[in-house]
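The structure under discussion appears below in the form of structure tokens.
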Amino acid sequence: MSDLAMVQEDVPGKRVPLVLGKQDFHSVTESVAGIVEGPTPHKWKLLFVLALSILLILLGSLGRLVTKGIGVWGNNTTVGWAWDITGFVFWIGIGHAGTLISAILFLFRQKWRTSINRAAEAMTIFAVMSAGIYPLFHVGRVWFAYWLFPIPNQMGMWPNFKSPLFWDVCAVSTYATVSILFWYVGLVPDLATLRDRAKTKTRQIVYGIFALGWRGSHRHWLNYERAYGILAGLSAPLVLSVHTIVSFDFAVSIIPGWHTTIFPPYFVAGAIFSGFAMVMTLMIIARKAFGLERLITMRHLENMNKVIVATGTMVGYAYAVEFFIAWYSGNPYESFALMNRAFGPYKWAYWTMVSCNVIFPQLFWFKKVRTSIPAMFVISIIVNIGMWFERFVIIVTSLSRDFLPSSWAYFRPTIFDITTFFGTFGLFMTMFLLFLRFLPMVAIGEVKSVLPAADAHPHHDDDGHDAPGSEGMSKEPVHAA
Amino acid sequence: MSSKSGSGKTSKGAAATKPEADAPEPAEARKAKKSEAGAALGSSFKLSSEQSGKLMRVAGIVAGIGLVLGGAGFASDSKRFAFSYLVGFVWLATIGLGALFFVIVQHLVRAGWSVSPRRHLEWLSSGILPACAVLFVPVAVFAHTLYHHWMGEHAAHDELLRKKAAYLNPGFFYGRAVVFLVLWAGISLWFARTSRKQDETGDRSLSQKMQLASAPSMLVFGLSLTFAAFDWIMSLTPHWYSTIFGVYVFAGAATSSLSALVLVTIALQKAGLLKGVSTVEHRHDIGKLLFGFTVFWAYIAFSQFILIWYANLPEETVYYRDRSAGSWMVVSLALLFGHFIIPFLGLIARTAKRNITVLAGFAVWMLVMHWLDLYWMIMPTLDVGDAHFSWIDLGGLLLPAGVGAVAVARAATGGATYPLKDPRLAESMRLENA
């Protein structure tokens, strides 16, 4: 394990290797594809049964909702949006890390992303699926859910194009589509690897179909890289757009505490924050369970922790600016809404949110905490709790005390609120476990590209291979990784 | 100009030969190598006295014209000049602040590609921000004209302003300004000096030191820029408020400083001062950032606009009402096209970012647009109902811009044109956009 400790060193000018140990192309394939090809671990079966049971709770709750109506939830006339939208925004937020890692970090040439992007993208897709449950069932008559889309019909009935809820349908479905495409394009070469290694006819056929006839020729790779680059370029603004539109759901209204101009970037920062925390939680477990510590190294975890503390601080900035402007505006409704948040009946939720999102992540300023697995595991869960509370606080506190004091109400969740939310974890976990079992959880082809062996010019000064436009200077490779 | 020829000679070939990636060589061997290579390449890492003289002259001329125009402007219409000067001052300050942001962020993320651009950002920030501490004096003097809405006597009878008086009062306003300016000057000078110290010693621990300082600096930067934006611009219309305002000003700072960086990079490359150190690949990357932040600016500007427009609350829409009245609408639309659509379409292509003329053209364009953006934010307080461009506005811009140019030129002539012994220099030189 000595090589696992080595990543702690940080010498400027020397890049630590992105994968550890004496890895070569074959060993990377073995360690990743081996997970999919080996016998089903007992622990996986246990977890899968657990996840399925939780999924059944979701199905039961939704069944009850569909047969009885929205009234089974605790929403009341004052608080018309509560756990449903909280759950929706919570999951959509989590669904931001995957595409951020795969698109934005790709555009910034952050090669460390290669070990984590596949699982993060998968997580994104499953989180978006879980999010979709809420608006889908909140429409009440779920069999009419297709009315959300602008489909020409004989009734001449259209969604309200001026409503941010409709923009949401567009933003989320676009995001889901592009995320799936991006994920799938990245999977193609690895699916071909699995096809080629398949020991049974079924596996060969199934993986073969999805590998789209990939042969790994130069032409294939050239097209692949071009497609990947274009998808990354398209996805980068999408990452921003989805949570921007989600924030519009609130901010275009005139409800104090909802209507404030910082919402779009603030929601995006919060989404990345929660998404990274979820990736963290899952990766800590997965790397340990499948022995991938040399591919997903301490360096990866530390980098993600840095992103968490950075985005957490941005969220803290937004809280502070919101509070300051609520006072500065001199607007009595604005300042009431904020004071009510912090010191009203939901103050317990507010201070849970502040401590989970702003205070605890600050521990990551210390390298000791940033590189301690138990510490980061706990903090990643704390962050996710905090981000759930953030949405709850924003949504419920503003609604529960509206402009008419006689209609003020306190929201209490019913058992079906709780089981629906809990149940979506079952959906998420079921999908994620299936992913871990049947698809390569690390991008084999991409990780190989950051191995020392993939560097065509390691440690040669005078190989005469100049960068275009480097005006005759001979390059000196710093270090293979 | 204080070029120390001695230190220049020793550092001459550091990059020209072999930027030390790992194994440190014996000092003598290195020295010998350097002088050879230095002789071969000529002095290519430092502005020659001729070049520095020319640079200082140009900057001095701009400052001179600014002084004359500004003085004449002040004499003919001191009120207009105050507002024009505020536009020019903030224009300069935001370039310096954007540059400071990028200096800090390069350390924060241990960036490898940007070693040589970082030096030029150090010039911009450590030249401009200390100069701003002095250039703020006229703003302070004019404050009662500029911020008369809340500094004037009638503020005492305004219920809203009375509520805000704990924040919006002259004493606290000046106090905050001093804090911001001292912090900015201090941080930017510290990074520039530490980086220059590394030119001489090559000490790797300096990189670590700067990395360590970068995170708290970023916090200070974010908060100070936000509140400076509230104080100096947002408080011109003291009833109006927008929580995103700090981010909006930041977005403008980022685009303008990157535009300035493009121009500095191209000028130095053309002068042959960055041979092999900074190439078309670096310009391409800076161009990508410029493109990205142009989109970011549009995103933030749009967010602010759509939320206020949609909610349609009078206390918020007043800002856009003033800016869509009369010919201000033309300026608003000019920003939509000039600050976003045209540069978006113009810079999206790879070939555009790699073409010197196109990139430099857009850099100048974006600097003008940044000025127009600030003009659009500040001037409607004076020119209510219609935009009236005047020659005084040019004086208000050229005076701070000229002083800033002199300060940047001084920073540029003082040392090497890129961090000679930065441990990541070799990595930066290998940059290639696949």
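The values are calculated or read from the model by the stated rules, or taken from the named source; none is laboratory data. Values in this document were obtained by computation on a predicted structure and should not be read as measured data. Note that we place each Cβ from the backbone using ideal geometry, even for glycine, and neighbour counts take in every protein chain shown. Remember, those area values only see protein heavy atoms, side chains included, never the ligands or the DNA or RNA. Shrake-Rupley method; radii C 1.70, N 1.55, O 1.52, S 1.80 Å.
Tabulated data for the structure shown
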| quantity | calculated |
| --- | --- |
| Members of segment A:112-164 that are surrounded by fewer than 16 Cβ atoms within 10 Å (Cβ to Cβ) and more than 30 Å from B:Tyr310 (Cα to Cα) | A:Trp143, A:Gln154 |
| Test result for A:Ala454, open to solvent by less than 50 Å² (accessible area, probe 1.4 Å) and at pLDDT below 90 | yes |
| Any hit, segment B:155-165, residues being closer than 26 Å to B:Leu382 by Cα, more than 14 Å from chain A (Cβ to nearest Cβ), in a helix (DSSP H, G or I) and not charged (D, E, K, R) | yes |
| Selection status of B:Trp365, surrounded by 15 or more Cβ atoms within 10 Å (Cβ to Cβ), hydrophobic (A, V, I, L, M, F, W, C) and either within 23 Å of A:Ser253 (Cβ to Cβ) or away from chain A (no Cβ under 11 Å) (or both) | yes |
| Output for segment B:221-231, where each listed residue is open to solvent by 10 Å² or more (accessible area, probe 1.4 Å) and away from chain A (no Cβ under 12 Å) | none |
| Positions within segment A:217-240 being within 9 Å of another protein chain (Cβ to nearest Cβ) and under 19 Å from the mean Cα position of the chain (by Cα), in sequence order | A:Ala236, A:Pro237, A:Leu240 |
| Where B:Leu374 falls short, out of the listed (1) over 21 Å from the mean Cα position of the chain (by Cα); (2) open to solvent by less than 10 Å² (accessible area, probe 1.4 Å) | (1) |
| Selected residue (criterion: most open to solvent (accessible area, probe 1.4 Å)) from residues of segment B:270-282 that are of a type outside the set (Gly, Ala, Ser) and within 9 Å of chain A (Cβ to nearest Cβ) | B:Lys275 |
| Condition met for A:Gly74 (within 30 Å of A:Asp249 (Cα to Cα), touching a residue at least 24 places away in the same chain (Cβ under 8 Å) and assigned to a helix (DSSP H, G or I)) | no |
| Residue pairs meeting the criteria (Cβ under 7 Å; at least 6 apart or on separate chains; first over 30 Å from A:Leu52 (Cα atoms), in segment A:434-456; second assigned to a helix (DSSP H, G or I) and among the small types (Gly, Ala, Ser)) | A:Val447/A:Ser115; A:Lys448/A:Ala454 |
| Residue list for segment B:198-219, restricted to those being in a helix (DSSP H, G or I) and open to solvent by 50 Å² or more (accessible area, probe 1.4 Å) | B:Glu200, B:Thr201, B:Arg204, B:Ser205, B:Gln208, B:Lys209, B:Leu212, B:Pro216, B:Leu219 |
| Residues within segment A:250-282 that are more than 9 Å from chain B (Cβ to nearest Cβ) and over 23 Å from A:Met123 (Cβ atoms), tallied | 5 |
| Members of segment B:234-248 found to be more than 10 Å from chain A (Cβ to nearest Cβ) and open to solvent by less than 10 Å² (accessible area, probe 1.4 Å), listed by number | B:Leu236 |
| Given (1) within 19 Å of B:Ala254 (Cα to Cα); (2) within 10 Å of chain A (Cβ to nearest Cβ), number of the condition B:Leu206 does not satisfy | (1) |
| Meets criteria (open to solvent by less than 30 Å² (accessible area, probe 1.4 Å) and farther than 28 Å from A:Trp81 by Cα) for A:Leu187 | yes |
| Residues located in segment B:107-141, provided they are within 12 Å of chain A (Cβ to nearest Cβ) and free of Cβ contacts under 8 Å to residues at least 60 places away in the same chain | B:Val109 |
| Test: residue in segment A:261-276 that is assigned to a helix (DSSP H, G or I), in contact with a Pro (Cβ under 9 Å, 6 or more places away or on another chain), modelled with pLDDT under 95 and within 16 Å of A:Ile101 (Cβ to Cβ) | yes |
| Residue in segment B:302-316 that is assigned to a loop (DSSP other than H, G, I, E, B), at the interface with another protein chain (Cβ under 8 Å from one of its Cβ atoms), small (Gly, Ala, Ser) and open to solvent by less than 40 Å² (accessible area, probe 1.4 Å) present | no |
| Any hit, segment B:409-417, residues being more than 14 Å from chain A (Cβ to nearest Cβ) and within 29 Å of B:Phe302 (Cβ to Cβ) | no |
| Segment B:80-128, subset among the aromatic types (Phe, Trp, Tyr) and more than 26 Å from B:Phe142 (Cα to Cα), residue most open to solvent (accessible area, probe 1.4 Å) | B:Trp113 |
| In segment A:362-378, the residues that are under 16 Å from A:Val315 (Cα atoms) and not aromatic (Phe, Trp, Tyr) | A:Gln362, A:Leu363 |
| Selection from segment A:230-243 of residues that are open to solvent by 10 Å² or more (accessible area, probe 1.4 Å) and in contact (Cβ under 8 Å) with a residue 12 or more places away in the chain | A:Leu231, A:Gly233, A:Leu234, A:Ala236, A:Leu238, A:Leu240, A:Ser241 |
| Residue list for segment A:200-223, filter: open to solvent by 80 Å² or more (accessible area, probe 1.4 Å) and among the hydrophobic types (A, V, I, L, M, F, W, C) | A:Ile205, A:Ile209, A:Phe210, A:Leu212, A:Trp221, A:Leu222 |
| Residue match in segment A:86-105 (condition: open to solvent by 40 Å² or more (accessible area, probe 1.4 Å) and free of Cβ contacts under 8 Å to residues at least 60 places away in the same chain) | no |
| Segment B:370-397 residues that are in contact (Cβ under 8 Å) with a residue 12 or more places away in the chain, paired with ones that are buried (at least 17 other Cβ atoms within 10 Å of the Cβ) and among the basic types (Lys, Arg) (beta carbon under 7 Å, 6 or more apart) | B:Trp376/B:Arg323; B:Pro380/B:Arg323; B:Leu382/B:Arg80; B:Ser390/B:Arg80; B:Ile392/B:Arg80 |
